[in-house]
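Asks: Below is one structure. I have some questions about it.
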Amino acid sequence: MRDFRADRLDVVIDNRHILKAIDLRVRAGEMHGLIAPTGAGKSTLLRALAGVRPAAGHIRFDGVELSTLSPLERARRIAWLAQSGPVHWPLSIAQIVALSRQPWHEAEALTREKTTRLLDACGLGDLAERRYDTLSGGEKARVLLARALAGEPELLLADEPTAALDLSHQLEVMALLRAHCRRGNAVIVVLHDLRLAGHYCDRLQFLKGGSTLVSGTPPQVITAHWLETAYDIRLREGRDALEAFSLNWRLRERNYPANR
Ligand code: ADP
Ligand code: MG
């Protein structure tokens, strides 16, 4: 991919204007963070970008309207990791992750090889034969991310992928998303943790009440002014917001080198 952009997206549900004239652009290799108070419309925006929620406006993938892509092409190019993704079938982890290879119509042996490699890279190799419904909440979240990555999507839309995770697994997930970007793909990720957002994302977009409040690089966006406006809070005088929310530790280089 080269770039993915949305222009003046509007979503109305039950006569309520949920998204208002949202513009968004992400280029190959970039991680774009969506930050907002609960109810601001982040999940609705990701659904619209995934093409599963109708929206007025334009969504273009390398200049081509998303609605003109075939379902197969869309399934190959875009993955959507929903905020809570229930899995109702009694499948093993390996089977769930392998499902994402289906749009590629490849030989079974290749799917198995790719699935095994990905599970190992995600630190889930030991769980490959376990049933999904026997996993902890955090393990389930990581399996769903692995499933999304398994399709090798050029654009990954991830809705709060770190929500159920402890600190080290939050960093692991962010490193996996970064690695996905380094391979020439793009990621749009919803995060509540400003430290993770500021550290890992190239650009951040704050939403409030269905509109974009501000969009820019982390230093442009994580400021006292924008945090106070976004969350209706007061920061203590004299604290530099970016510094206050900075991430001063790194994941050990062993498995996940070079966060940025
Ligand atoms: P966020 O992910 O930022 O917390 P959402 O996108 O889930 O916010 O929701 C934004 C607003 O739209 C909320 O007020 C929510 O209640 C409303 N909303 C979302 N989906 C629906 C729906 N299917 N029917 C009615 N209201 C909805
Ligand atoms: Mg949400």
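The values are calculated or read from the model by the stated rules, or taken from the named source; none is laboratory data. Note that the structure is predicted; figures quoted are calculated from it, not measured. Counting neighbours? That spans all protein chains shown, and the Cβs are built from the backbone with ideal geometry, glycine included. For accessibility, only protein heavy atoms count, side chains too; no ligands or nucleic acids. Shrake-Rupley method; radii C 1.70, N 1.55, O 1.52, S 1.80 Å.
Asks: I'd like the distance separating the alpha-carbon centroids of the range 162-191 and the range 33-78, in whole Å.
Replies: Result: 19 Å between the Cα centres.
Asks: Same structure, new question: For the chain, what proportion of DSSP beta bridges, expressed in % and rounded to the nearest 5, is antiparallel? Mind dumping the intermediate values first?
Replies: On the way: 21 of 38 bridges.
DSSP beta bridges in the chain are roughly 55 percent antiparallel.
Asks: Please work out the average accessible area per residue across the chain, using the 1.4 Å probe convention, and give it in Å².
Replies: Details: 12780 Å² over 260 residues.
Result: 49 Å² of accessible area for each residue.
Asks: Measuring from a point 7 Å past the Cα of Ser84 along Cα-to-C-beta, which residues in the range 37-51 have an amide N at less than 20 Å?
Replies: The answer is 37-48, whose backbone nitrogens lie closer than 20 Å to the label point.
Asks: Percent of alpha carbon pairs in the range 143-208 separated by more than 15 Å?
Replies: When all Cα pairs of the range 143-208 are counted, 48 percent exceed 15 Å.
Asks: Evaluate the Kirkwood expression for the hydrodynamic radius of the range 132-242, namely the inverse of the mean inverse distance over all pairs of different C-alpha atoms, and round to one decimal in Å.
Replies: Values: mean 1/r = 0.0651 Å⁻¹.
The Cα-based Kirkwood calculation yields 15.4 Å.
Asks: Here is a follow-up. Extension gain Arg112-Leu99, at 0.36 nm per residue separation less the Cα-Cα distance, in nm?
Replies: Details: separation 13, 0.36 × 13 = 4.68 nm, distance 1.06 nm.
Full-extension gain reported as 3.6 nm.
Asks: Which residue, Ser100, Leu9, Leu176, has the largest displacement toward the positive end of the dipole of the chain when charges sit on each Cβ (Lys, Arg +1; Asp, Glu -1)?
Replies: Leu9
Asks: Also, quick follow-up: Per the Debye formula with a single identical scatterer at each Cα and no solvent contribution, what log10 I(q)/I(0) holds for the range 187-240 at q = 0.15, 0.22, 0.30 Å⁻¹?
Replies: Results for the range 187-240 at q = 0.15, 0.22, 0.30 Å⁻¹ read -0.40, -0.87, -1.42.
Asks: What's the FRET efficiency of Ala121 with Leu72 using the Cβ-Cβ distance as r and R₀ = 25 Å, to the nearest 0.05? Can you show the working numbers first?
Replies: Working: r = 26 Å, r/R0 = 1.03.
Step by step, r from the Cβ atoms, then E = 0.45.
Asks: Quick one: Debye curve from the C-alpha atoms of the range 68-190, no solvent, what's log10 I(q)/I(0) at q = 0.12, 0.15, 0.16, 0.17 Å⁻¹?
Replies: -0.40, -0.64, -0.74, -0.84
Asks: Output the direction-averaged projected area (hull surface divided by four) of the convex hull of the alpha-carbon atoms of the chain, in nm². Kindly include the intermediate steps, with their values, before the conclusion.
Replies: On the way: hull surface 57.5 nm².
The Cα convex hull of the chain, projected and averaged over all directions, gives 14.4 nm².
Asks: Related question: So the label point goes 7 Å from the Cα of Arg53 along Cα→C-beta, right? Which residues of the range 1-23 then have their backbone N under 15 Å from it?
Replies: Zone members listed by number: 9-23.
Asks: Please list the radius of gyration and Dmax for the range 51-112, considering alpha-carbon atoms only, with Å as the unit.
Replies: Considering the range 51-112 through its Cα atoms, Rg and Dmax are 14.6, 42 Å.
Asks: With the contact rule set at Cα under 8 Å and sequence spacing of 6 or more, what percent relative contact order holds for the range 107-244? Don't jump to the answer; show the numbers that get you there.
Replies: Values: 126 pairs, mean separation 20.0, N = 138.
About 14 percent, as a whole number.
Asks: Now, a different point. State to the nearest 20 debye the size of the charge dipole of the range 69-203 about its Cα centre, where the only charges are +1 on K and R beta carbons and -1 on D and E beta carbons.
Replies: Details: 17 positive and 17 negative charges, 54 e Å.
Here the size comes out at about 260 debye.
Asks: Further question: Using a probe of 1.4 angstrom, how much of the accessible area of the range 146-213 is carbon and sulfur, in percent? The partial results should precede the final answer.
Replies: Numbers: 900 of 1910 Å².
Exposed carbon and sulfur together represent 47 percent of the surface.
Asks: Additional query: Using just the helices of the chain, give the 222 nm mean residue ellipticity in deg cm²/dmol: DSSP H runs with n ≥ 4 each add -39,500 (n - 2.57), and the total is spread over all residues, rounded to 500.
Replies: Numbers: 10 runs with 89 residues, N = 260.
Mean residue ellipticity at 222 nm (helix-derived): -9500 deg cm²/dmol.
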